[in-house]
Amino acid sequence: FSFRKLWAFTGPGFLMSIAYLDPGNIESDLQSGAVAGFKLLWVLMLATIIGLLLQRLAARLGVVTGLHLAEVCNRQYQKVPRIILWLMVELAIIGSDMQEVIGSAIAINLLSVGKIPLWGGVLITIADTFVFLFLDKYGLRKLEAFFGFLITIMALTFGYEYITVKPDQEKLLKGLFVPYCQNCGTPQLEQAVGIVGAVIMPHNMYLHSALVKSRQVNRANKREVREANKYFFIESCIALFVSFIINIFVVTIFAEAFFEKTNADVSGVCVNASSPHSSLFPNNNQTLEVDIYKGGVVLGCYFGPAALYIWAIGILAAGQSSTMTGTYSGQFVMEGFLNLRWSRFARVLLTRSIAITPTLFVAIFQDVEHLTGMNDFLNVLMSLQLPFALIPVLTFTSLPSVMNDFANGL
(Lines give C-alpha, C1' and ligand atoms only; values in the text may rest on other atoms or scores of the structure.)
Protein backbone atom coordinates (compact mmCIF):
# COMPACT_ATOMS: atom_id res chain seq x y z
CA PHE A 1 0.00 0.00 0.00
CA SER A 2 1.22 3.49 -0.89
CA PHE A 3 -0.36 6.80 0.19
CA ARG A 4 1.30 8.45 -2.80
CA LYS A 5 -0.48 6.09 -5.18
CA LEU A 6 -3.76 6.53 -3.32
CA TRP A 7 -3.39 10.31 -3.74
CA ALA A 8 -2.77 9.83 -7.48
CA PHE A 9 -6.05 7.89 -7.79
CA THR A 10 -8.00 10.27 -5.51
CA GLY A 11 -10.59 12.41 -7.29
CA PRO A 12 -13.15 10.35 -9.22
CA GLY A 13 -14.65 8.85 -6.05
CA PHE A 14 -15.18 12.26 -4.46
CA LEU A 15 -16.82 13.60 -7.63
CA MET A 16 -19.06 10.51 -7.60
CA SER A 17 -19.88 10.94 -3.89
CA ILE A 18 -21.41 14.36 -4.54
CA ALA A 19 -24.54 12.58 -5.85
CA TYR A 20 -24.93 11.26 -2.28
CA LEU A 21 -25.03 14.86 -1.03
CA ASP A 22 -27.35 16.57 -3.49
CA PRO A 23 -30.32 18.68 -2.26
CA GLY A 24 -32.69 15.74 -2.91
CA ASN A 25 -30.64 13.69 -0.45
CA ILE A 26 -30.52 16.51 2.10
CA GLU A 27 -34.30 16.95 1.91
CA SER A 28 -34.85 13.20 2.25
CA ASP A 29 -32.55 13.23 5.30
CA LEU A 30 -34.28 16.07 7.09
CA GLN A 31 -37.75 14.68 6.36
CA SER A 32 -36.83 11.21 7.64
CA GLY A 33 -35.46 12.80 10.82
CA ALA A 34 -38.56 14.96 11.34
CA VAL A 35 -41.01 12.12 10.50
CA ALA A 36 -39.29 9.06 12.03
CA GLY A 37 -36.69 10.48 14.41
CA PHE A 38 -33.56 8.30 14.63
CA LYS A 39 -35.40 5.14 13.54
CA LEU A 40 -34.36 5.12 9.84
CA LEU A 41 -30.61 5.70 10.23
CA TRP A 42 -29.97 1.99 9.59
CA VAL A 43 -31.76 2.32 6.23
CA LEU A 44 -29.43 5.20 5.33
CA MET A 45 -26.38 3.12 6.30
CA LEU A 46 -27.49 0.03 4.34
CA ALA A 47 -28.36 2.14 1.27
CA THR A 48 -24.89 3.75 1.40
CA ILE A 49 -23.18 0.33 1.69
CA ILE A 50 -25.18 -1.05 -1.26
CA GLY A 51 -24.38 2.13 -3.18
CA LEU A 52 -20.66 1.61 -2.48
CA LEU A 53 -20.78 -1.97 -3.82
CA LEU A 54 -22.53 -0.82 -7.01
CA GLN A 55 -20.10 2.08 -7.48
CA ARG A 56 -17.24 -0.40 -7.11
CA LEU A 57 -18.66 -2.50 -9.95
CA ALA A 58 -19.08 0.59 -12.16
CA ALA A 59 -15.51 1.71 -11.46
CA ARG A 60 -14.12 -1.78 -12.18
CA LEU A 61 -15.93 -1.80 -15.52
CA GLY A 62 -14.27 1.49 -16.51
CA VAL A 63 -10.80 0.45 -15.30
CA VAL A 64 -10.79 -3.03 -16.87
CA THR A 65 -12.40 -2.24 -20.23
CA GLY A 66 -11.28 1.36 -20.77
CA LEU A 67 -14.92 2.12 -21.65
CA HIS A 68 -17.59 3.69 -19.49
CA LEU A 69 -20.97 2.03 -18.92
CA ALA A 70 -22.82 3.90 -21.68
CA GLU A 71 -20.13 2.95 -24.23
CA VAL A 72 -20.32 -0.72 -23.21
CA CYS A 73 -24.14 -0.61 -23.53
CA ASN A 74 -23.71 0.87 -27.02
CA ARG A 75 -21.47 -2.03 -28.06
CA GLN A 76 -23.32 -4.87 -26.35
CA TYR A 77 -27.02 -4.08 -26.85
CA GLN A 78 -29.25 -3.95 -29.92
CA LYS A 79 -30.78 -0.62 -30.97
CA VAL A 80 -34.15 -0.89 -29.17
CA PRO A 81 -32.88 -1.81 -25.64
CA ARG A 82 -30.06 0.71 -26.08
CA ILE A 83 -32.50 3.55 -26.78
CA ILE A 84 -34.77 2.46 -23.91
CA LEU A 85 -31.82 2.49 -21.48
CA TRP A 86 -30.72 5.90 -22.76
CA LEU A 87 -34.20 7.38 -22.29
CA MET A 88 -34.47 5.93 -18.77
CA VAL A 89 -31.14 7.34 -17.62
CA GLU A 90 -31.94 10.73 -19.21
CA LEU A 91 -35.20 10.74 -17.22
CA ALA A 92 -33.24 10.03 -14.05
CA ILE A 93 -30.78 12.85 -14.85
CA ILE A 94 -33.63 15.31 -15.48
CA GLY A 95 -35.31 14.36 -12.18
CA SER A 96 -32.06 14.66 -10.24
CA ASP A 97 -31.21 17.93 -11.96
CA MET A 98 -34.56 19.44 -10.98
CA GLN A 99 -33.84 18.68 -7.32
CA GLU A 100 -30.32 20.11 -7.56
CA VAL A 101 -31.18 23.32 -9.39
CA ILE A 102 -34.22 24.07 -7.22
CA GLY A 103 -32.15 23.31 -4.10
CA SER A 104 -29.59 25.93 -5.20
CA ALA A 105 -32.39 28.39 -6.01
CA ILE A 106 -33.94 27.90 -2.54
CA ALA A 107 -30.51 28.50 -0.93
CA ILE A 108 -30.09 31.72 -2.94
CA ASN A 109 -33.61 32.79 -1.91
CA LEU A 110 -32.80 32.21 1.79
CA LEU A 111 -29.44 34.00 1.57
CA SER A 112 -31.04 37.01 -0.15
CA VAL A 113 -33.83 37.15 2.50
CA GLY A 114 -36.42 36.43 -0.20
CA LYS A 115 -35.32 39.25 -2.53
CA ILE A 116 -34.26 36.83 -5.30
CA PRO A 117 -37.30 34.74 -6.33
CA LEU A 118 -37.10 31.02 -7.06
CA TRP A 119 -36.97 31.49 -10.86
CA GLY A 120 -34.18 34.07 -10.42
CA GLY A 121 -32.15 31.54 -8.41
CA VAL A 122 -32.69 28.94 -11.15
CA LEU A 123 -31.32 31.35 -13.79
CA ILE A 124 -28.29 32.18 -11.60
CA THR A 125 -27.63 28.44 -11.10
CA ILE A 126 -27.79 27.81 -14.86
CA ALA A 127 -25.32 30.62 -15.55
CA ASP A 128 -22.74 29.74 -12.90
CA THR A 129 -22.89 26.05 -13.81
CA PHE A 130 -21.62 26.96 -17.28
CA VAL A 131 -18.80 28.98 -15.72
CA PHE A 132 -17.69 26.20 -13.38
CA LEU A 133 -17.89 23.51 -16.08
CA PHE A 134 -15.18 25.28 -18.05
CA LEU A 135 -12.84 25.12 -15.04
CA ASP A 136 -11.59 21.75 -16.23
CA LYS A 137 -9.75 23.57 -19.02
CA TYR A 138 -7.27 24.37 -16.27
CA GLY A 139 -6.73 20.69 -15.47
CA LEU A 140 -8.78 17.88 -14.01
CA ARG A 141 -6.95 17.91 -10.67
CA LYS A 142 -7.89 21.56 -10.11
CA LEU A 143 -11.52 20.75 -10.86
CA GLU A 144 -11.41 17.79 -8.46
CA ALA A 145 -9.89 20.08 -5.81
CA PHE A 146 -12.74 22.57 -6.34
CA PHE A 147 -15.32 19.82 -5.77
CA GLY A 148 -13.39 18.75 -2.67
CA PHE A 149 -13.67 22.35 -1.43
CA LEU A 150 -17.47 22.25 -1.89
CA ILE A 151 -17.69 18.96 0.05
CA THR A 152 -15.62 20.58 2.84
CA ILE A 153 -18.10 23.49 2.98
CA MET A 154 -20.96 20.99 3.38
CA ALA A 155 -19.12 19.13 6.14
CA LEU A 156 -18.39 22.36 8.04
CA THR A 157 -21.85 23.91 7.68
CA PHE A 158 -23.89 20.81 8.53
CA GLY A 159 -21.31 19.92 11.21
CA TYR A 160 -21.91 23.35 12.77
CA GLU A 161 -25.66 22.68 12.86
CA TYR A 162 -24.98 19.24 14.42
CA ILE A 163 -22.86 20.72 17.21
CA THR A 164 -25.47 23.47 17.79
CA VAL A 165 -28.39 21.01 18.10
CA LYS A 166 -26.43 18.32 20.08
CA PRO A 167 -28.36 15.14 19.07
CA ASP A 168 -28.69 12.27 21.57
CA GLN A 169 -25.70 9.99 20.83
CA GLU A 170 -27.30 6.88 22.36
CA LYS A 171 -30.34 7.19 20.09
CA LEU A 172 -28.04 7.84 17.14
CA LEU A 173 -26.09 4.62 17.70
CA LYS A 174 -29.28 2.61 18.29
CA GLY A 175 -30.78 4.00 15.07
CA LEU A 176 -27.66 3.04 13.11
CA PHE A 177 -27.11 -0.49 14.34
CA VAL A 178 -30.54 -1.78 15.41
CA PRO A 179 -32.86 -2.36 12.40
CA TYR A 180 -36.20 -1.37 13.91
CA CYS A 181 -39.02 1.09 13.34
CA GLN A 182 -41.33 0.91 16.33
CA ASN A 183 -44.78 2.52 15.84
CA CYS A 184 -43.98 3.29 12.22
CA GLY A 185 -46.74 3.73 9.63
CA THR A 186 -47.15 4.79 6.03
CA PRO A 187 -45.29 8.16 6.35
CA GLN A 188 -42.23 6.43 7.82
CA LEU A 189 -42.31 3.70 5.16
CA GLU A 190 -42.47 6.36 2.44
CA GLN A 191 -39.41 8.05 3.93
CA ALA A 192 -37.51 4.73 4.03
CA VAL A 193 -38.18 4.13 0.33
CA GLY A 194 -37.30 7.78 -0.38
CA ILE A 195 -33.91 7.34 1.32
CA VAL A 196 -33.01 4.47 -1.04
CA GLY A 197 -34.12 6.47 -4.10
CA ALA A 198 -32.19 9.54 -2.96
CA VAL A 199 -28.96 7.72 -2.05
CA ILE A 200 -28.50 5.26 -4.94
CA MET A 201 -28.59 7.40 -8.08
CA PRO A 202 -28.93 5.49 -11.40
CA HIS A 203 -26.90 7.93 -13.50
CA ASN A 204 -24.11 7.97 -10.90
CA MET A 205 -22.94 4.53 -12.06
CA TYR A 206 -22.52 5.88 -15.58
CA LEU A 207 -20.60 8.85 -14.18
CA HIS A 208 -18.21 6.84 -12.00
CA SER A 209 -17.36 4.38 -14.78
CA ALA A 210 -16.37 7.37 -16.94
CA LEU A 211 -14.45 9.34 -14.30
CA VAL A 212 -12.00 6.50 -13.56
CA LYS A 213 -10.81 6.68 -17.18
CA SER A 214 -9.05 9.93 -16.28
CA ARG A 215 -6.17 7.93 -14.76
CA GLN A 216 -3.65 6.23 -17.01
CA VAL A 217 -3.68 2.45 -16.52
CA ASN A 218 -1.84 -0.10 -18.65
CA ARG A 219 -4.67 -2.58 -19.25
CA ALA A 220 -2.30 -5.14 -20.71
CA ASN A 221 -0.69 -5.43 -17.27
CA LYS A 222 -3.00 -7.30 -14.86
CA ARG A 223 -1.05 -6.10 -11.83
CA GLU A 224 -1.63 -2.45 -12.77
CA VAL A 225 -5.33 -3.07 -13.37
CA ARG A 226 -5.66 -4.87 -10.04
CA GLU A 227 -3.80 -2.03 -8.30
CA ALA A 228 -6.04 0.62 -9.91
CA ASN A 229 -9.16 -1.29 -8.82
CA LYS A 230 -7.81 -1.46 -5.27
CA TYR A 231 -7.01 2.24 -4.95
CA PHE A 232 -10.24 3.38 -6.60
CA PHE A 233 -12.19 1.20 -4.16
CA ILE A 234 -10.31 2.60 -1.14
CA GLU A 235 -10.94 6.12 -2.39
CA SER A 236 -14.64 5.37 -2.91
CA CYS A 237 -14.87 4.01 0.66
CA ILE A 238 -13.35 7.21 2.06
CA ALA A 239 -15.53 9.49 -0.11
CA LEU A 240 -18.78 7.69 0.72
CA PHE A 241 -17.87 7.57 4.41
CA VAL A 242 -17.55 11.38 4.35
CA SER A 243 -20.89 11.72 2.55
CA PHE A 244 -22.50 9.27 5.02
CA ILE A 245 -21.31 11.35 8.00
CA ILE A 246 -22.74 14.52 6.44
CA ASN A 247 -26.06 12.74 5.81
CA ILE A 248 -26.08 11.57 9.45
CA PHE A 249 -25.56 15.18 10.56
CA VAL A 250 -28.72 16.27 8.72
CA VAL A 251 -30.94 13.33 9.82
CA THR A 252 -29.98 13.64 13.49
CA ILE A 253 -30.32 17.46 13.58
CA PHE A 254 -33.97 17.20 12.56
CA ALA A 255 -34.60 14.00 14.55
CA GLU A 256 -33.41 15.71 17.74
CA ALA A 257 -34.93 19.14 17.27
CA PHE A 258 -38.14 18.62 15.30
CA PHE A 259 -39.38 15.00 15.66
CA GLU A 260 -43.06 15.01 16.75
CA LYS A 261 -43.18 18.80 16.83
CA THR A 262 -46.44 20.47 15.76
CA ASN A 263 -46.97 23.60 13.68
CA ALA A 264 -48.12 25.39 16.84
CA ASP A 265 -44.84 24.54 18.62
CA VAL A 266 -42.74 25.98 15.80
CA SER A 267 -45.07 28.94 15.17
CA GLY A 268 -44.76 30.06 18.80
CA VAL A 269 -40.95 29.89 18.72
CA CYS A 270 -40.78 31.74 15.37
CA VAL A 271 -43.10 34.51 16.63
CA ASN A 272 -41.00 34.92 19.80
CA ALA A 273 -37.85 35.06 17.66
CA SER A 274 -39.47 37.77 15.46
CA SER A 275 -38.79 35.64 12.39
CA PRO A 276 -40.05 37.17 9.12
CA HIS A 277 -41.09 33.63 8.11
CA SER A 278 -43.36 32.88 11.10
CA SER A 279 -46.45 32.96 8.83
CA LEU A 280 -45.18 29.74 7.20
CA PHE A 281 -46.45 27.71 10.15
CA PRO A 282 -50.19 27.84 10.96
CA ASN A 283 -51.07 27.81 14.65
CA ASN A 284 -52.58 24.29 14.72
CA ASN A 285 -51.76 20.86 16.16
CA GLN A 286 -50.85 19.19 12.88
CA THR A 287 -47.43 17.51 12.75
CA LEU A 288 -44.70 19.76 11.39
CA GLU A 289 -43.77 19.15 7.75
CA VAL A 290 -40.37 20.41 6.63
CA ASP A 291 -38.43 20.69 3.41
CA ILE A 292 -35.13 22.40 2.53
CA TYR A 293 -36.74 25.85 2.72
CA LYS A 294 -38.79 25.34 5.89
CA GLY A 295 -35.91 23.40 7.44
CA GLY A 296 -33.65 26.45 7.20
CA VAL A 297 -36.42 28.66 8.60
CA VAL A 298 -37.07 26.49 11.68
CA LEU A 299 -33.34 26.21 12.38
CA GLY A 300 -33.21 30.01 12.28
CA CYS A 301 -36.18 30.28 14.66
CA TYR A 302 -34.75 27.83 17.22
CA PHE A 303 -31.00 28.52 16.98
CA GLY A 304 -30.70 32.06 15.64
CA PRO A 305 -30.27 33.69 12.19
CA ALA A 306 -26.70 32.34 11.89
CA ALA A 307 -28.07 28.78 11.78
CA LEU A 308 -30.38 29.72 8.88
CA TYR A 309 -27.62 31.33 6.78
CA ILE A 310 -25.09 28.58 7.50
CA TRP A 311 -27.73 26.02 6.49
CA ALA A 312 -28.35 27.93 3.23
CA ILE A 313 -24.60 28.01 2.45
CA GLY A 314 -24.44 24.22 2.89
CA ILE A 315 -27.46 23.71 0.61
CA LEU A 316 -25.93 26.04 -2.00
CA ALA A 317 -22.67 24.06 -1.97
CA ALA A 318 -24.66 20.80 -2.32
CA GLY A 319 -26.74 22.18 -5.18
CA GLN A 320 -23.84 23.72 -7.10
CA SER A 321 -21.59 20.66 -6.90
CA SER A 322 -24.29 18.10 -7.74
CA THR A 323 -25.61 20.23 -10.63
CA MET A 324 -22.18 20.20 -12.22
CA THR A 325 -21.66 16.45 -11.80
CA GLY A 326 -25.17 15.87 -13.15
CA THR A 327 -24.18 17.78 -16.28
CA TYR A 328 -21.08 15.60 -16.66
CA SER A 329 -23.30 12.50 -16.37
CA GLY A 330 -25.51 13.83 -19.15
CA GLN A 331 -22.51 14.39 -21.41
CA PHE A 332 -21.06 10.91 -20.86
CA VAL A 333 -24.45 9.23 -21.33
CA MET A 334 -25.20 11.10 -24.56
CA GLU A 335 -21.72 10.44 -25.98
CA GLY A 336 -21.80 6.77 -25.05
CA PHE A 337 -25.32 5.75 -26.05
CA LEU A 338 -25.68 7.92 -29.15
CA ASN A 339 -22.01 8.02 -30.18
CA LEU A 340 -22.21 11.80 -30.54
CA ARG A 341 -19.04 13.84 -30.88
CA TRP A 342 -20.11 17.42 -30.32
CA SER A 343 -18.19 20.43 -29.08
CA ARG A 344 -18.17 20.89 -25.30
CA PHE A 345 -20.37 24.01 -25.51
CA ALA A 346 -23.01 22.29 -27.68
CA ARG A 347 -23.14 19.23 -25.39
CA VAL A 348 -23.45 21.33 -22.24
CA LEU A 349 -26.12 23.53 -23.85
CA LEU A 350 -28.24 20.55 -24.88
CA THR A 351 -27.94 18.57 -21.63
CA ARG A 352 -28.63 21.73 -19.59
CA SER A 353 -31.66 22.62 -21.71
CA ILE A 354 -33.22 19.14 -21.37
CA ALA A 355 -33.07 19.34 -17.59
CA ILE A 356 -33.57 23.05 -17.02
CA THR A 357 -36.75 23.61 -19.06
CA PRO A 358 -39.09 21.65 -16.70
CA THR A 359 -37.23 23.09 -13.69
CA LEU A 360 -37.82 26.65 -14.84
CA PHE A 361 -41.54 25.97 -15.34
CA VAL A 362 -41.78 24.61 -11.78
CA ALA A 363 -39.88 27.62 -10.40
CA ILE A 364 -42.13 30.13 -12.20
CA PHE A 365 -45.48 28.52 -11.41
CA GLN A 366 -44.82 26.99 -7.97
CA ASP A 367 -44.32 28.77 -4.66
CA VAL A 368 -40.95 28.29 -2.90
CA GLU A 369 -42.89 27.19 0.21
CA HIS A 370 -44.74 24.29 -1.47
CA LEU A 371 -42.13 22.09 -3.17
CA THR A 372 -42.05 19.11 -0.76
CA GLY A 373 -44.39 16.95 -2.84
CA MET A 374 -42.25 17.41 -5.94
CA ASN A 375 -39.13 16.22 -4.13
CA ASP A 376 -40.93 13.09 -2.84
CA PHE A 377 -42.16 12.35 -6.36
CA LEU A 378 -38.65 12.76 -7.84
CA ASN A 379 -37.14 10.41 -5.21
CA VAL A 380 -39.72 7.78 -6.18
CA LEU A 381 -38.76 8.40 -9.83
CA MET A 382 -35.11 7.63 -8.93
CA SER A 383 -36.17 4.34 -7.33
CA LEU A 384 -38.13 3.36 -10.46
CA GLN A 385 -35.16 4.15 -12.74
CA LEU A 386 -32.67 2.19 -10.63
CA PRO A 387 -33.15 -1.25 -12.32
CA PHE A 388 -32.32 0.28 -15.73
CA ALA A 389 -28.83 1.08 -14.42
CA LEU A 390 -28.41 -2.02 -12.22
CA ILE A 391 -29.11 -4.59 -14.95
CA PRO A 392 -26.29 -3.52 -17.31
CA VAL A 393 -23.81 -2.98 -14.44
CA LEU A 394 -24.45 -6.40 -12.88
CA THR A 395 -24.57 -8.11 -16.29
CA PHE A 396 -21.38 -6.71 -17.81
CA THR A 397 -19.21 -7.01 -14.70
CA SER A 398 -20.03 -10.74 -14.51
CA LEU A 399 -19.26 -11.48 -18.20
CA PRO A 400 -15.73 -12.85 -18.90
CA SER A 401 -16.12 -11.67 -22.51
CA VAL A 402 -16.26 -8.08 -21.21
CA MET A 403 -14.19 -8.20 -18.01
CA ASN A 404 -11.66 -10.93 -18.93
CA ASP A 405 -10.04 -12.25 -15.73
CA PHE A 406 -11.75 -9.57 -13.62
CA ALA A 407 -15.34 -10.86 -14.04
CA ASN A 408 -17.25 -11.22 -10.76
CA GLY A 409 -18.43 -14.76 -11.30
CA LEU A 410 -21.80 -14.15 -9.62
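The values are calculated or read from the model by the stated rules, or taken from the named source; none is laboratory data. Note that the structure is predicted; figures quoted are calculated from it, not measured. Don't worry about glycine lacking a Cβ; one is built from the backbone with ideal geometry, like all the others, and counts go over all protein chains shown. Note: accessible area is taken over every heavy atom of the protein model, side chains too, but ligands, DNA and RNA are not part of it. Shrake-Rupley method; radii C 1.70, N 1.55, O 1.52, S 1.80 Å.
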For the range 54-198, compute the orientation-averaged projected area of the C-alpha convex hull (one quarter of its surface), in nm².
14.1 nm²
Roughly how tilted is helix 305-338, in degrees to the nearest 10 and between 0 and 90, from the longest Cα axis of the chain?
30 degrees
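Please go through the residue pairs K39/K261; K174/K261; K142/K213; K39/K230; K5/K142; K174/K294 and name each one whose alpha carbons sit more than 23 Å apart in this structure. It would help to have the intermediate numbers written out before the result.
Numbers: K39/K261 16 Å; K174/K261 21 Å; K142/K213 17 Å; K39/K230 34 Å; K5/K142 18 Å; K174/K294 28 Å.
Over 23 Å apart, Cα to Cα: K39/K230; K174/K294.
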Nonlocal amide H pairs with K261, under 5 Å, H built at 1.01 Å
L288
Mind jotting down the three principal axis lengths of the chain based on Cα atoms? Whole angstrom, largest first.
69, 45, 41
In square nanometres, what is one fourth of the surface area of the convex hull spanned by the alpha carbons of the range 201-351?
12.9 nm²
Expected vector for the range 171-187, Karplus 3J(HN,Hα) from phi with 6.51, -1.76, 1.60 and θ = phi - 60°, integer Hz, x for Gly and Pro, equals 5, 4, 5, 5, x, 6, 10, 10, x, 8, 7, 4, 6, 8, x, 4, x
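Ranked from highest to lowest mean number of other Cβ atoms within 10 Å per residue, what is the order of the peptides 239-247, 186-194?
Values: 239-247: 21.0, 186-194: 17.6.
Sorting 239-247, 186-194 by mean packing, highest first, produces 239-247, 186-194.
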For the chain, built as a Gaussian network whose Cα springs stay under 10 Å, the top-fluctuating residue of Y20, Y138, Y180
Y138
Of M88, M201, which has the most accessible area and how do the rest follow, probe 1.4 Å?
M88, M201
From most to least accessible, 1.4 Å probe, no ligand or DNA/RNA atoms counted, V380, V225 line up as V380, V225
Selection from S322, I253, N285 lying farthest towards where the dipole of the range 220-351 points positive, charges on Cβ
S322
Once you place label points 7 Å from the Cα toward the Cβ at I49 and N218, how far apart are they in nm?
3.8 nm
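Which order, highest average first, do 40-50, 94-104, 73-83 follow once you tally other Cβ atoms within 10 Å for each residue and take the mean per peptide?
On the way: 40-50: 20.2, 94-104: 28.5, 73-83: 14.0.
Highest mean packing first, the order is 94-104, 40-50, 73-83.
What ranking of F396, F249, F1 comes out by heavy-atom accessible area, probe 1.4 Å, highest first?
On the way: F396 5, F249 40, F1 140 Å².
So, going from the largest accessible area down, we get F1, F249, F396.
Leaving out ligands, DNA and RNA, what percent of the accessible area of the range 1-109 is carbon and sulfur, probe 1.4 Å?
Values: 2360 of 3440 Å².
Summing carbon and sulfur atoms, their accessible area is 69 percent of the total for the range 1-109.
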For each cysteine in the chain, check whether another cysteine's C-beta sits under 4.7 Å from its C-beta; list those where none does.
C73, C237
Area of D128 that stays accessible when all protein chains are in place (1.4 Å probe, Å², to 10):
40 Å²
What's the angle, to the nearest 10 degrees (0 to 90), between helix 263-272's Cα axis and the longest principal axis of the chain?
70 degrees
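What does the accessible area per residue of the chain come to in Å², with a 1.4 Å probe and no ligands, DNA or RNA counted? Before the final figure, lay out the partial values.
On the way: 17040 Å² over 410 residues.
Each residue of the chain exposes 42 Å² on average to a 1.4 Å probe.
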Between the helical axis of 222-258 and the dominant principal axis of the chain, each derived from Cα atoms, what acute angle in degrees is found, rounded to the nearest 10?
10 degrees
Evaluated at q = 0.12, 0.18, 0.24 Å⁻¹: base-10 log I(q)/I(0), Debye formula over Cα of the range 220-305
-0.50, -0.78, -1.10
Using the Cα atoms of the range 112-216 to build a convex hull, what is its mean projected area in square nanometres?
11.3 nm²
Simple spin-label model, 7 Å along Cα-to-Cβ: L384 to F365 in nm?
1.9 nm
Surrounding net charge for L288, when Lys and Arg each add one and Asp and Glu each subtract one, Cβ distance under 13 Å:
-2
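Does the range 285-329 come out rounded, prolate or oblate by the C-alpha gyration tensor, with a ≥ b ≥ c the root eigenvalues, rounded set by a/c under 1.5 and, if not, prolate when a/b is larger than b/c and oblate if not?
Numbers: a/c = 6.65, a/b = 1.84, b/c = 3.62.
It is oblate, given that a/c is not under 1.5 and a/b is not larger than b/c.
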For the range 1-56, compute Rg over Rh where Rg is the Cα radius of gyration and Rh is the Kirkwood radius from the inverse mean 1/r over Cα pairs.
1.12
